[in-house]
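The values are calculated or read from the model by the stated rules, or taken from the named source; none is laboratory data. Since the model is a prediction, treat every value here as computed from it, not as a measurement. Don't worry about glycine lacking a Cβ; one is built from the backbone with ideal geometry, like all the others, and counts go over all protein chains shown. To get the accessible areas, we keep the full protein, side chains included, count just its heavy atoms, and leave off ligands, DNA and RNA. Shrake-Rupley method; radii C 1.70, N 1.55, O 1.52, S 1.80 Å.
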Amino acid sequence: MAAKVTPAVNATKAAGIAHRLMEYEYDPSADAIGLHAAAAMGLDPAVVYKTLIVQLEPKALACVVIPVAAKLDLKALAAAAGAKKADLADPTLAERTTGYMVGGISPLGQRKALPTFIDSSADTLPEMVVNGGRRGLQIALAPADLARATKAVVRRIVVQ
């Protein structure tokens, strides 16, 4: 496996957040990368969260953290963000803005810190798993620590 030092890991350490690093064999051909990651690590998909970069209208990007098995509710996100509309961002723009490759985007340690929204389902968990800043690397940490480190808004933003 590759090195375990990424901007996300460094940001987690700098914030003094208790965490564990987890690795798995990344499969770019997997239909659902997040679900594949959960299975590869032997974890319940309810504790593994994916990071999406979204375009808010008018012209703003945001970071969204939702369970890997869930679907983002774009209307709920737009309402939570006070935006007219929300849609997934162009992958190239997401990579350029965050400094991470798609499949390895972390809510932590982004090149340009984006407003972050975490689905409220995380509130019920003692620990959640998010991307560690590269494909195949995950960070397990307390949801409250992630919310505090990213200054996140915690709202219900998945399709129910």
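If the condition is being in contact with a Pro (Cβ under 8 Å, 6 or more places away or on another chain) and modelled with pLDDT of 95 or more, then the range 134-150 contributes 142, 146, 150.
For (1) hydrophobic (A, V, I, L, M, F, W, C); (2) part of a strand (DSSP E or B), each residue gets a yes or a no:
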{"residue": "94", "(1), (2)": "yes, no"}
{"residue": "102", "(1), (2)": "yes, no"}
{"residue": "112", "(1), (2)": "no, no"}
{"residue": "118", "(1), (2)": "yes, yes"}
{"residue": "134", "(1), (2)": "no, no"}
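Pull up the range 112-130, narrow it to residues that are in contact (Cβ under 8 Å) with a residue 60 or more places away in the chain and over 12 Å from residue 66 (Cβ atoms), then point me to the one that is surrounded by the most Cβ atoms within 10 Å (Cβ to Cβ). Top of the filtered list is 129.
Give me the residue from the range 141-160 that is among the charged types (D, E, K, R) and outside any strand (DSSP E or B) and, out of that set, least open to solvent (accessible area, probe 1.4 Å).
Residues of the range 141-160 among the charged types (D, E, K, R): 145, 148, 151, 155-156.
Keeping just the survivors that are outside any strand (DSSP E or B) gives 145, 148, 151, 156.
On the way: 145: 30, 148: 154, 151: 169, 156: 105 Å².
By that ranking, first place goes to 145.
With respect to the conditions (1) assigned to a loop (DSSP other than H, G, I, E, B); (2) of a type outside the set (A, V, I, L, M); (3) buried (at least 16 other Cβ atoms within 10 Å of the Cβ), residue 138 lacks only one, and its number is (1). The residue that is surrounded by the most Cβ atoms within 10 Å (Cβ to Cβ), among those in the range 1-47 that are charged (D, E, K, R) and under 14 Å from residue 69 (Cβ atoms), is 44. Close Cβ contacts (under 7 Å, 6 or more residues apart or on different chains) running from residues in the range 7-31 that are within 16 Å of residue 102 (Cα to Cα) to residues that are basic (Lys, Arg) and surrounded by 14 or more Cβ atoms within 10 Å (Cβ to Cβ) comprise 26/135.
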